[in-house]
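Engineer: Mind looking over this structure? Questions follow.
Laboratory data are not the source of any read-out in this text; all were calculated from the coordinates shown. Remember, it's a predicted structure, so these values are computed and weren't measured experimentally. Glycine gets a Cβ as well: all are built from the backbone with ideal geometry, and neighbour counts include every protein chain shown.
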Amino acid sequence: MKNTIDLNSDMGEGFGSWSMGEGTDEAIMGLISSANIATGFHAGDPNIMQRMVASAGQHSVGIGAHPGFRDLVGFGRRDIKASSSELLNDIVYQTGALREFARWQGLPLHHVKLHGALYMRAAIDEEFSIALVKALQAIDPTVYLYCMEASVTYKVAKELGQPVVREFYGDRNYDKTGSIVFTRQVGKLDPASVATRVLRACQEGVVKTVDDEDIAIAFDSICIHSDTPGALALIEATRSALISNGIQIASVSEAAPR
């Protein structure tokens, strides 16, 4: 049974005059404790990044860089065949951009969370995960790395001593290995069902898989994507269910819950 949990969401995933999802980033920012801000390669641009960082600061939300594949057309959900060194350069480039926007406003970079297909690549690629963690240790050994517990990324981060946050996905399905079932298109979900699923994971430490079997799941943070249809309602219902059952919302580094 968890008493406190981090609630994160992927934010700022528009581009120029184009917005993603319901255009409710500001509303969502007031409900979460950590924000994964798109850094320009799969979505986002300098103006959006600046606005999201400012909003996170106003709401005392942990600021995270959310780098992805160089894939605006595919929203970073298509795997790109590139070497670990190429991908690492892209990640450092994107993370540095977001960190400077945060620094400009006197705010720290709280975490890094890879996006979409890049997140899933790291989850199974040990060479890439080692390079990623070593780069983060050189950039900032205190920055959190968000990933699934059932991933190579988590194993490497633990072995190398990088602070790591394990995620539970409220709006994604799981397979029997404890990994999410990666999808490029997500349909509209029922807010009450998502909230119940998340609450059960927090209270009982289990989740039902696509094979209709319960598996144990360990996590430090809950993610609901802002581009999932009806995301605001999903996050509102989940937050309400958690708080009404005595589970407070706080980032992993906060002493007091929000």
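Engineer: Among residues belonging to segment 162-193 that are hydroxyl-bearing (Ser, Thr, Tyr) and either without any contact (Cβ under 8 Å) to a residue 24 or more places away in the chain or part of a loop (DSSP other than H, G, I, E, B) (or both), point out the one that is nearest to Ile215 (Cα to Cα).
Structural biologist: Let us first name the residues in segment 162-193 that are hydroxyl-bearing (Ser, Thr, Tyr), namely 169, 174, 177, 179, 183, 193.
Still in the running and either without any contact (Cβ under 8 Å) to a residue 24 or more places away in the chain or part of a loop (DSSP other than H, G, I, E, B) (or both): 177, 179, 183, 193.
Details: Thr177: 8, Ser179: 11, Thr183: 20, Ser193: 18 Å.
Ranking the qualifying residues of segment 162-193, first place goes to Thr177.
Engineer: Could you tell me which numbered condition Glu13 fails, if it satisfies all but one of (1) out of contact with any strand residue (DSSP E or B) (no Cβ under 7 Å at 6 or more places or on another chain); (2) within 19 Å of Asp171 (Cβ to Cβ)?
Structural biologist: Glu13 satisfies every listed condition except (1).
A quick yes/no check of all residues on (1) polar (S, T, N, Q); (2) in contact with a Gly (Cβ under 8 Å, 6 or more places away or on another chain); (3) more than 25 Å from Gly76 (Cα to Cα):
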| position | (1), (2), (3) |
| --- | --- |
| Lys155 | no, no, no |
| Phe168 | no, no, no |
| Thr196 | yes, no, yes |
| Cys202 | no, no, yes |
| Gly205 | no, no, yes |
| Ser221 | yes, no, no |
| Ser226 | yes, yes, no |
| Gly230 | no, no, no |
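Residue by residue, here is whether (1) of a type in the set (Lys, Arg); (2) closer than 29 Å to Asp125 by Cα; (3) touching a helix residue (DSSP H, G or I) at 6+ places or on another chain (Cβ under 7 Å) holds:
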residue	(1), (2), (3)
Lys2	yes, no, yes
Ile5	no, yes, yes
Trp18	no, no, no
Thr24	no, no, yes
Ala27	no, no, yes
Leu31	no, no, yes
Ala56	no, no, yes
His59	no, no, yes
Arg77	yes, yes, yes
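Engineer: Looking only at residues in segment 25-54 that are more than 17 Å from the chain's Cα centre (by Cα) and of a type in the set (S, T, N, Q), which one is nearest to Glu100 (Cα to Cα)?
Structural biologist: Filtering first and then ranking leaves Gln50.
Engineer: Can you tell me how many residues within segment 17-49 are assigned to a helix (DSSP H, G or I) and either small (Gly, Ala, Ser) or buried (at least 16 other Cβ atoms within 10 Å of the Cβ) (or both)? Give the steps one after another, and end with the answer.
Structural biologist: First, pick out the residues of segment 17-49 that are assigned to a helix (DSSP H, G or I): 25-29, 46-49.
Next, only the ones that are either small (Gly, Ala, Ser) or buried (at least 16 other Cβ atoms within 10 Å of the Cβ) (or both) stay: 25, 27-29, 48-49.
Residues in segment 17-49 being assigned to a helix (DSSP H, G or I) and either small (Gly, Ala, Ser) or buried (at least 16 other Cβ atoms within 10 Å of the Cβ) (or both): 6 in total.
Engineer: Considering each residue of segment 170-227, count those that are among the polar types (S, T, N, Q), surrounded by 13 or more Cβ atoms within 10 Å (Cβ to Cβ) and over 21 Å from Val152 (Cα atoms), and give that number. Explain how you work it out, then say what you get.
Structural biologist: Taking segment 170-227 as the starting set, the residues that turn out to be among the polar types (S, T, N, Q) are 173, 177, 179, 183, 185, 193, 196, 203, 209, 221, 226.
With the extra rule that they be surrounded by 13 or more Cβ atoms within 10 Å (Cβ to Cβ), the set shrinks to 173, 179, 196, 203, 209, 221, 226.
Subsequent filtering for residues that are over 21 Å from Val152 (Cα atoms) retains 196, 203, 226.
Looking only at that region, the number is 3.
Engineer: Determine, yes or no, whether Asp125 is in contact with a helix residue (DSSP H, G or I) (Cβ under 7 Å, 6 or more places away or on another chain), within 28 Å of Val73 (Cβ to Cβ) and surrounded by fewer than 22 Cβ atoms within 10 Å (Cβ to Cβ).
Structural biologist: Spelling it out, Asp125 is indeed in contact with a helix residue (DSSP H, G or I) (Cβ under 7 Å, 6 or more places away or on another chain), within 28 Å of Val73 (Cβ to Cβ) and surrounded by fewer than 22 Cβ atoms within 10 Å (Cβ to Cβ).
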